[in-house]
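The values are calculated or read from the model by the stated rules, or taken from the named source; none is laboratory data. All values derive from a computational prediction rather than experimental measurement. Positions of Cβ are backbone-derived with ideal geometry, glycine not excepted, and every protein chain shown enters the neighbour counts. Ligands, DNA and RNA are excluded from the accessible area calculation, which covers all protein heavy atoms including side chains. Shrake-Rupley method; radii C 1.70, N 1.55, O 1.52, S 1.80 Å.
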Amino acid sequence: MFKHCVILAGGKSSRMGSDKTKLPFGEFETLVDFEVSKFDKIFQNIYISSKNHKFSDKFKTIEDKFENFSPMGALWQILSNFKDEYIFIVPADMPFISIQTINLLYENLQNSDIINPRDDEFTHSLCGFFHSKVASIAKELYENNIHKIGFLRQKCNAKTLYFKNNNEFFNINTPQDYQKAKEFLLQI
């Protein structure tokens, strides 16, 4: 069993038109409930990262303590809560990542600071294992108005692991994506 998982739920959901993390998904009340149920099988602690306690006290929350919406800021805030350990981070809008993929990422960490999955199209920089020691680098980048995770990867010992099945990394960003994800869920 792994120690910590953080689900990123602090985005604007601007393309969705409403908070996508609170959309019903399968038999679950919200997309976040779906992910917590899945990850609860392999992680001792699950946290939600968001701008506020939008799920009340239902889940442990790591609150973003900055005004703008920034992936770099979120990583800085998350990682600064831990000391000398790896944390698995996954976006709330990426519900199909498998337990097997998480295991493979962990098994291939070696001495890396960060490991992210990649497929034929993208490196999924907000999904993967991150060592808490990169919090200070994320903070420095954030304070210099650098918000793309690719810059953090360049400053760390980062690696990627290739996966052929890119369906696992499908992101729900629009109402059309949400409908497609619900259809895909029925097939698995």
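Structure above, values below:
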item	result
The stretch 2-186 - accessible surface per residue (Å², probe 1.4 Å)	50 Å²
Label of the coordinate-derived value, percent of Cα pairs over 30 Å apart, listed as [x] 16; [y] 23; [z] 12	[z]
Estimated dipole of the chain in Debye, rounded to 20 [Cβ of Lys and Arg +1, of Asp and Glu -1, Cα centre]	240 debye
For the chain, calculated [θ]222 nm from helices alone, where every DSSP H run of n ≥ 4 adds -39500 (n - 2.57)	-8500 deg cm²/dmol
Antiparallel content of DSSP bridges confined to the chain, in %, to 5	30 percent
Mean separation of Cα contacts under 8 Å, 6 or more apart, over the residue count of the chain: relative contact order %	24 percent
Counted charge near Thr123, where neighbours are those whose Cβ lies closer than 13 Å (Asp, Glu -1; Lys, Arg +1)	+1
Estimated FRET transfer efficiency when R0 is 22 angstrom, pair Ser98-Lys3 (beta carbons, to 0.05)	0.70
Burial order of peptide ranges 64-70, 35-41 (average beta-carbon count within 10 Å, highest first)	35-41, 64-70
Cα-based shape type of the stretch 1-95, given that a ≥ b ≥ c are square roots of the gyration tensor eigenvalues and the cut on a/c is 1.5	oblate
Dipole in debye (nearest 20) - the stretch 18-109, about Cα centre, beta carbon charges: Lys, Arg +1; Asp, Glu -1	100 debye
The chain - percent of accessible surface contributed by carbon and sulfur, probe 1.4 Å	47 percent
Per-residue SASA entry for Asp84, accessible area with 1.4 Å probe, Å² rounded to 10	130 Å²
